Amino acid sequence: MKLSYQSVYYAFTLLVFSLVLSGCQTTSAPPANMSLLDNAPFNTLPVETQTEIFSLDDSIIATLNNTFKRHEQPELRRAEVILQFLLDNGDDTLSYMSDANLTATQAYHNLNANCLSLSILAYSLSDYLNLKGQFQRVHVPEYWANSRGYNFLSGHINLKVYEDRAKFIGKDVLHTSPKTLTIDFDPNSRQQAFRTTEITKDRVTAMFYNNKGAIHMVEGRQDLAFSYFKAAIDIDSQYSSAWANLAILYRIANKLTTAEDMYNQALALNPDNNTAKGNLAVLYDLTQRSDQAEQIRTQLYQLRRKNPYYVITLGHDALEQGNALKAIHYYREALKLDKRLHEGHFALAKAYYSLGKLEQTKRHLQRALALSKFKHNQIQYRGKLEWLDAVAKN
């Protein structure tokens, strides 16, 4: 199944659903039908408040107070001391299955967090320093990561920081043109000029809840998953991804009629939510509407066939079905679209290993290692190469 996670896409055994982790749209949409949340077959449990998500604890505030003199006008170059520290030490490659979705305080004490959590932390630090933060959705190509039988469709955000002149009204301050600083924890995003769209603090909070809900759903904690998805919708009822992921939860609970209504709600809010479309196709299959399902899949294939990450997911599906040769075909097609994808070489290594071809396995693992940029991936690939060498010696 496919989930949306900031951002997620999941695949369950023989069925294919998607979870969406943090996507957004800016076009106007009709009001959400909140009555779909009535009579839910789940218990509502407490979740973090928005204040708790963005708050800084006393030790962080003490560090800030020791670093900056509060009576002086804060300037971006002074804030860069802490923000650059985060940029240098953060690792936004944390797997979605680990505790990647952290509050600002948690992220400060454990920088191994995802880009959403680090951006929340950067926002809170900037706010304390009297700097204004503006979250931005980065329009990166659709990207899928696979784990535990799920395909996760991932999105990306960053933070634009600038001086907040409103906080200096009435003070003897000479204002020049405002300076800005963009904090982006993904080097690939920083290197490419992707289009951005401003998003609100409430939308980012909804993304946080949506991610947590997706993880709880994968782990089988349905009441918690519902509670987080509901919290996302309560704070931002226009957030399509939360409705789409909630639909998956209702599908799991065999509430197919309500699940379909929620998929349609997600698409009414964002007609371009392709993950919701793909999961609706699965629901059509489950309810004997295969023609409608195939129509959606054909449309999505035409939209995605030039996306190497999508082609890789087709290879993953083939490999899970035991067709390694078909998987290799897809992985090679993905590398034709982008020859520098370390994920494509790693996928080829797995496919060749399933066929017992250790020489090709090692060659593609080495290529994946050479192309990877994050320590997270490099450690993974080195470990597998060492294991492969040990197997070869025996």
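The values are calculated or read from the model by the stated rules, or taken from the named source; none is laboratory data. Values in this document were obtained by computation on a predicted structure and should not be read as measured data. We place every Cβ from the backbone using ideal geometry, glycine too, and count neighbours over all the protein chains shown.
Only one of Lys69, Lys132 is at pLDDT below 90, touching a strand residue (DSSP E or B) at 6+ places or on another chain (Cβ under 6 Å) and either surrounded by fewer than 20 Cβ atoms within 10 Å (Cβ to Cβ) or in a loop (DSSP other than H, G, I, E, B) (or both); which?
Lys132
Among the residues of the stretch 298-315, which ones are surrounded by fewer than 17 Cβ atoms within 10 Å (Cβ to Cβ) and not aromatic (Phe, Trp, Tyr)?
Residues satisfying the conditions are Thr298, Gln299, Leu300, Gln302, Leu303, Arg305, Lys306.
Between a residue in the stretch 108-125 that is farther than 16 Å from Ile60 by Cα and any residue that is hydroxyl-bearing (Ser, Thr, Tyr) and part of a loop (DSSP other than H, G, I, E, B), which pairs come within a Cβ distance under 8 Å, given they are 6 or more apart or on different chains?
From the stretch 108-125, the pairs are Asn114/Tyr96; Leu116/Ser22.
Taking the stretch 350-379 only, how many residues are surrounded by fewer than 19 Cβ atoms within 10 Å (Cβ to Cβ), without any contact (Cβ under 8 Å) to a residue 24 or more places away in the chain and within 17 Å of Ile328 (Cβ to Cβ)?
Residues that pass the stated criteria total 5.
So which residues in the stretch 106-115 are hydrophobic (A, V, I, L, M, F, W, C) and either out of contact with any strand residue (DSSP E or B) (no Cβ under 8 Å at 6 or more places or on another chain) or at pLDDT 90 or above (or both), if there are any at all?
Result: Ala107, Leu111, Ala113.
Can you say whether Thr103 is farther than 30 Å from Pro308 by Cβ, surrounded by fewer than 19 Cβ atoms within 10 Å (Cβ to Cβ), within 21 Å of the chain's Cα centre (by Cα) and modelled with pLDDT of 85 or more, as far as the supplied structure shows?
Spelling it out, it is not the case that Thr103 is farther than 30 Å from Pro308 by Cβ, surrounded by fewer than 19 Cβ atoms within 10 Å (Cβ to Cβ), within 21 Å of the chain's Cα centre (by Cα) and modelled with pLDDT of 85 or more.
Can you go through Tyr263, Tyr228 and tell me which one is without any contact (Cβ under 8 Å) to a residue 24 or more places away in the chain and not in a loop (DSSP other than H, G, I, E, B)?
Tyr263
Within the set of pairs 6 or more residues apart or between chains, which connect a residue that is in contact (Cβ under 8 Å) with a residue 60 or more places away in the chain inside the stretch 304-331 to a residue that is in a helix (DSSP H, G or I) and charged (D, E, K, R) with Cβ atoms less than 8 Å apart?
Tyr309/Glu343; Tyr310/Arg304; Ile312/Glu343
I'd like the residue in the stretch 200-243 that is under 17 Å from the mean Cα position of the chain (by Cα) and among the small types (Gly, Ala, Ser) and, out of all such residues, is farthest from Leu159 (Cα to Cα).
Ranking the candidates gives Ala225 first.
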